[in-house]
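The values are calculated or read from the model by the stated rules, or taken from the named source; none is laboratory data. The structure presented is a predicted model; accordingly, all values stated were derived computationally and were not measured. Here the Cβ positions follow ideal geometry from the backbone for every residue, glycine too, while neighbour counts run over all protein chains shown.
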Amino acid sequence: MKHPHIKSVEDIKQQFAPIHNINTKHKEKMSSLDKLALWITDHVGSMGFFIIIFCWTAIWLSWNTLAPASLRFDPFPAFVLWLFISNMVQIFLMPLIMVGQNLQSKHSELRAEQDFNINKKAEMEIETILKHLENQNELILKILNSLEQAEKK
């Protein structure tokens, strides 16, 4: 006999969509440009990239300051080519990093929404289990009362 206030597991399954791996779905929906932006964001935001840029800058400045004058291609004090290349790197990387961060933010929002839905489903399941336990407790108490009354007779 089904209690009218207690949901069954099937009721809960019908109320909530099946759980899917949101990471897989997110990756499937990404375009090639989105994947490239994320790859760049992941690699530019690493210590390896920082070390490469630092070494490149140190070598560039050292070469154009300390090398024989005939071998310097961007001599001190101007370093015009170095400034131009550095600015170009910044001009191209900053928007790409922002695109990658926006994509990562969107992914985080999808994960948070899925976590919320899973928590709602878990809460409903726990509530259903507690209602079943309360119902069983009532039935056990009724059975005990019946047995006590039967013993008294």
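Among the residues examined, E125 qualifies as of a type in the set (D, E), in contact (Cβ under 8 Å) with a residue 12 or more places away in the chain and surrounded by 11 or more Cβ atoms within 10 Å (Cβ to Cβ). The sole residue among S46, S86 that is closer than 30 Å to I22 by Cβ, of a type in the set (S, T, Y) and surrounded by 10 or more Cβ atoms within 10 Å (Cβ to Cβ) is S46. Within the range 54-82, the set of residues being under 39 Å from the mean Cα position of the chain (by Cα) and surrounded by 12 or more Cβ atoms within 10 Å (Cβ to Cβ) comprises W56, T57, W60, W82. Looking at Q136, Q114, Q101, just one residue is of a type in the set (S, T, N, Q), loosely packed, with under 15 Cβ neighbours inside 10 Å, assigned to a helix (DSSP H, G or I) and in contact with a helix residue (DSSP H, G or I) (Cβ under 7 Å, 6 or more places away or on another chain), and that residue is Q101.
When each of K120, K153 is tested for being surrounded by fewer than 10 Cβ atoms within 10 Å (Cβ to Cβ) and modelled with pLDDT under 90, the lone residue that passes is K153.
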